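The values are calculated or read from the model by the stated rules, or taken from the named source; none is laboratory data. Here the structure is a predicted model, which means the values were calculated and not measured. Every residue, glycine as well, gets a Cβ built from its backbone with ideal geometry; the counts of neighbours run over all protein chains shown.
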Amino acid sequence: MIPQLIIALTLVAEAGGVPSENAMSRVYTVIHNRSNGTVEDMAKVCLKPHQFSCWSDNSLMERSRHSKSLPIALQIVKKHAVRGEIGQARHYLASFLYRSPKCPKWAKTGRITYDEGPKGHVFLEGVK
């Protein structure tokens with residue numbers, strides 16, 4: 001699979017709660033922040049075990065392949081659409097999970113850089 005498609009599928013699947021260009025661009029920025037910035041390295045980051053849960057769910061990835069959002073995601077990759085509002089965030093999770101008793105301990109070690117609201121994600125930097 002080509003690197004651009006790997007990244008785009010990750011954007012569609014991971015921004016599932018908020019399937020918008022802005023939400024996908026924020027996920028793209030996290031991937032970028034975890035990599036050296038090349039498309040090839042970003043694709044490796046997407047496929048790295050235990051990083052993006054969408055790659056362990058075959059049905060989710062199949063739905064992403066047929067999503068109407070995929071062309072938008074491919075444009076984000078092509079434009080290299082890094083979003084400044086999330087800063088150097090390298091992690092995110094669903095906002096509802098962050099605010100629940102089931103919030104993973106790692107998430108509370110970071111600082112919120114951006115919050116998309118109740119149906120979106122919380123972006124974090126400095127996670128230990």
Filter result for Gln88 (out of contact with any Leu (no Cβ under 7 Å at 6 or more places or on another chain), closer than 16 Å to Leu11 by Cβ and surrounded by fewer than 17 Cβ atoms within 10 Å (Cβ to Cβ)): no
Index of the failed condition, Val45 passing every other in (1) farther than 21 Å from Val122 by Cβ; (2) assigned to a helix (DSSP H, G or I); (3) at pLDDT 90 or above: (1)
Arg83, sole failed condition from (1) closer than 21 Å to Leu11 by Cβ; (2) modelled with pLDDT of 95 or more: (2)
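Of the residues that make up segment 67-82, is at least one more than 23 Å from Gln4 (Cα to Cα), surrounded by fewer than 17 Cβ atoms within 10 Å (Cβ to Cβ) and in contact with a His (Cβ under 9 Å, 6 or more places away or on another chain)?
Going residue by residue through segment 67-82, those that are more than 23 Å from Gln4 (Cα to Cα) are none.
Taking every residue of segment 67-82 in turn, none turns out to be more than 23 Å from Gln4 (Cα to Cα), surrounded by fewer than 17 Cβ atoms within 10 Å (Cβ to Cβ) and in contact with a His (Cβ under 9 Å, 6 or more places away or on another chain).
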Number of the condition not met by Leu97 [criteria: (1) out of contact with any Lys or Arg (no Cβ under 9 Å at 6 or more places or on another chain); (2) in a helix (DSSP H, G or I); (3) within 18 Å of Met1 (Cα to Cα)]: (3)
Residue ID - surrounded by the fewest Cβ atoms within 10 Å (Cβ to Cβ), chosen from residues in segment 9-49 that are among the basic types (Lys, Arg) and without any contact (Cβ under 8 Å) to a residue 60 or more places away in the chain: Lys48
